[in-house]
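These notes concern the structure reproduced below.
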Amino acid sequence: MYQLSGVTKRYQRGKKTVDALAGVDLTIEDGGRLVIQGPTGGGKSTLLQMLGGLDRPTSGTVEFDGVDLASLPEARLTKVRAENIGFVFQSFNLIPTLTAQENVETALVPLGLKGAARRERAAEALDSVGLGERLGHVPGELSGGQQQRVAIARALVKRPKVLLADEPTGNLDESMRDEIMELLEGLWKEHGLTFIMVTHDSSIARRAPRLATIRKGRVTVTENAAA
Amino acid sequence: MFFTYLRRELRRRRKAALVVASGLALGIALVIVVSSVSSGMSQAQDKVLQSLYGLGTDMTVTKAAPPPGEEGQGKRRFEFDAKGDDEQSSDRVLVQGFQTLASSTVAQVGDQEGVADAVGGLSLTVLKVNGEFKPGEFTAPPGGGKTGSGGGGGGGRVEGGGAAFDVNTYSVYGTDVTAPALGPLTSSRITSGRTFNSSEADAAVAVVDSAYAKEKGLGTGKTVTISGTKFTIIGVATADSGDAAANLYIPLKKAQTLADAKDKVTTVYVKAADSQQIDSVKAAIQKNIPDTTVTTSADLADTVSGSLSTASDLATTVGKWLSIAVLIAAFLVAGLLTSSAVSRRVREFGTLKALGWKSGRVTRQVVGEALVNGLLGGALGIALGLGGAYLVTAISPTLTAQLGGGAGGGARGGMVAIGGGGGGPVRQGAGKALDIALTAPVSLATLAVAVGLAVAGGLIAGGFGGWRAARLRPADALRRVE
């Protein structure tokens with residue numbers, strides 16, 4: 001699914017040049033599950049953004065299903081994101097004025113689905129994350145865990161090939177964290193999608209079959225046979 | 001989704017939306033009030049001008065001013081018999097301005113290219129003097145002395161005696177009864193009786209101005225005598241605004257006879273075929289018909305002064321620039337507030353872009369919100385503007401138009417007879433001031449401009465925000481807040 005070769009991302013911070021990623025080579029198989037772990041500022045989120053086509057590397061290639069996202073025109077990159085990649089963010093990133101159902105619908109808008117079909121699929125997605133009764137609630141009326149469920153429903157409603165999660169439990173308490181992780185793992189198994197997650201939580205990292213540790217822009221991958 | 005999202009966002013940012021809409025509303029309301037007041041002033045000026053020469057007249061042709069020393073028709077004398085004490089009366093019919101054109105000039109003017117119609121008229125002033133002489137009476141001195149008896153000169157005295165005369169001046173306009181659509185009488189409407197018909201070219205009939213009729217107790221069916229000729233009053237005319245062009249209107253031929261001005265006119269009233277070609281028609285007449293002065297309504301407008309003129313100048317200068325300044329400020333504030341709102345929503349737009357929303361769709365959303373703000377501002381501005389215009393009309397401040405002052409004073413023989421003593425129909429008295437109530441009519445064009453401004457305001461504001469939103473890269477947007 002993913003083939004990263006020599007991916008470097010260089011930022012200019014004042015007079016200093018910082019390599020967030022320094023020649024990363026990484027392969028991620030179709031349907032695989034990878035956890036990316038590392039210290040703050042180590043390049044975890046940058047790597048996730050490269051995989052999600054949200055950013056382009058300074059050098060190197062990010063191949064997704066044989067297509068180099070790094071050199072893809074913006075319009076096609078947007079299409080790849082719209083059709084194939086679901087995102088879950090640490091801060092949920094829900095639109096505060098829209099209801100849970102409408103928030104989920106926003107992921108279907110780029111696919112050109114009409115109103116009724118969009119509403120139906122959004123309702124199904126919310127039902128699958130246990131929020132079938134909360135369709136009309138705006139984010140402010142939902143708990144943190146419920147908001148993250150809405151975000152997960154939004155990521156999965158378009159039936160993506162890849163689910164990218166950036167610290168999805170970072171803003172949740174412990175019980176909520178486990179609940180969300182169980183949900184994500186269950187959905188990964190159920191939908192057979194590729195699941196890549198960034199976390200600094202070691203307990204979560206230990207549960208992953210494959211762990212990519214990133215330090216100073218360099219990635220080391222370890223397999224976890226026990227997971 | 002577009003409308004749902006838009007509605008929810010506007011509801012969430014109600015205060016910001018209200019600030020943007022209010023700014024635009026203020027600018028738009030000012031534009032409506034200023035343009036409607038300007039339009040009212042323009043109408044007031046038109047009324048003033050129309051009251052001078054009637055509806056439909058684009059220009060007048062009069063005889064050019066003669067060189068100094070050549071003017072005048074010679075001295076006229078009033079002759080009275082000083083014997084007896086009977087009341088005596090004498091009147092003089094004078095051509096206003098003492099300058100006339102041959103009647104054939106009317107046809108000549110009518111033949112010029114671009115002239116749709118030309119009608120001649122003769123303006124007269126009648127000076128009527130009536131009263132009586134009283135001879136003195138001899139009074140003998142006390143003691144019975146007789147005049148001339150003996151020397152000593154103890155004669156009596158002649159006492160008393162003298163003259164008491166009233167001088168009455170009024171104006172008479174000789175109108176071409178075969179062409180009722182043009183000329184000064186068109187600035188009045190018949191409020192009693194009827195106007196002339198074309199068979200009355202030489203009839204002794206008259207139409208009297210209502211104000212003059214009231215003053216002199218005249219009315220339809222009564223008679224009035226002008227220089228010995230008795231005219232039957234067939235109608236009463238009321239001036240649409242200001243004073244009437246003349247106190248009495250009589251057929252042109254009769255006027256020519258009374259003034260001993262056979263085949264003469266004082267003014268030719270001209271209607272141009274195309275109102276855009278007035279200047280070229282004026283030039284053609286001046287070139288082809290020598291010794292004439294052509295005065296257009298634009299020339300006449302220059303002679304209007306007083307508070308109407310001042311207010312008009314204010315509306316077209318201060319009002320216009322104030323509206324433009326407020327509009328620019330409102331557009332800028334709307335643009336900056338929209339741009340600032342986009343800055344506060346970078347995570348939202350970054351997320352939408354991460355979900356696969358194209359930049360164009362995000363921009364459309366921002367522009368759509370700004371446009372609705374603009375339209376709200378437009379609706380509010382139109383309501384405010386209509387209210388302001390209604391208020392101006394309800395208060396109807398009175399403006400004074402000083403006619404013929406300054407520049408008009410020298411316009412001898414021109415359309416601007418007032419203050420100049422020219423050949424046109426003279427209003428009562430030189431440099432006459434007319435009071436005009438100001439209105440502020442709001443035209444559909446003004447409303448269309450207001451809607452256009454609202455849309456433009458929304459688009460400008462949306463342009464600011466949309467430009468920012470379009471440039472937003474999802475990774476940058478998410479990085480800035482995570």
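Results, tabulated for the structure shown:
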| quantity | calculated |
| --- | --- |
| Yes/no for residue B:85 being acidic (Asp, Glu) and modelled with pLDDT under 85 | yes |
| Only listed residue being in contact (Cβ under 8 Å) with a residue 12 or more places away in the chain, among the hydroxyl-bearing types (Ser, Thr, Tyr), farther than 24 Å from residue B:117 by Cα and out of contact with any Lys or Arg (no Cβ under 8 Å at 6 or more places or on another chain), chosen from B:188, B:198, B:210 | B:210 |
| The stretch A:193-202, residues that are at pLDDT 85 or above and not hydrophobic (A, V, I, L, M, F, W, C) | A:194, A:199 |
| Top-ranked residue of the stretch A:104-118 - restricted to ones that are part of a helix (DSSP H, G or I) and surrounded by 23 or more Cβ atoms within 10 Å (Cβ to Cβ), ranked as farthest from the other protein chains (Cβ to nearest Cβ) | A:104 |
| Evaluation of residue A:215 against (1) in contact with a Ser or Thr (Cβ under 9 Å, 6 or more places away or on another chain); (2) surrounded by fewer than 22 Cβ atoms within 10 Å (Cβ to Cβ); (3) of a type in the set (D, E, K, R) (one fails), failing number | (1) |
| Selected residue (criterion: most open to solvent (accessible area, probe 1.4 Å)) from residues of the stretch B:347-362 that are of a type outside the set (Phe, Trp, Tyr) and more than 7 Å from chain A (Cβ to nearest Cβ) | B:361 |
| Residue in the stretch A:65-77 that is facing chain B (nearest Cβ under 8 Å), under 15 Å from the mean Cα position of the chain (by Cα) and outside any strand (DSSP E or B) present | no |
| Elements of type strands (runs of 3 or more DSSP E) in the stretch B:148-217, at least 2 residues being at pLDDT 90 or above | B:162-175, B:188-193, B:205-209 |
| Scope the stretch A:119-138; condition in a helix (DSSP H, G or I), closer than 23 Å to residue A:169 by Cβ and either open to solvent by 60 Å² or more (accessible area, probe 1.4 Å) or modelled with pLDDT of 95 or more (or both); matching residues | A:127, A:128 |
| Count - residues of the stretch B:1-30 that are away from chain A (no Cβ under 11 Å) and surrounded by fewer than 24 Cβ atoms within 10 Å (Cβ to Cβ) | 9 |
| Of all residues in the stretch A:17-64 being over 25 Å from residue B:357 (Cβ atoms), open to solvent by less than 50 Å² (accessible area, probe 1.4 Å) and part of a loop (DSSP other than H, G, I, E, B), the one that is nearest to the other protein chains (Cβ to nearest Cβ) | A:43 |
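The values are calculated or read from the model by the stated rules, or taken from the named source; none is laboratory data. Keep in mind it's a predicted model, so treat the numbers as computed, not measured. With ideal geometry, Cβ positions are generated from the backbone for all residues, glycine too; neighbour counts draw on all protein chains shown. Note: accessible area is taken over every heavy atom of the protein model, side chains too, but ligands, DNA and RNA are not part of it. Shrake-Rupley method; radii C 1.70, N 1.55, O 1.52, S 1.80 Å.
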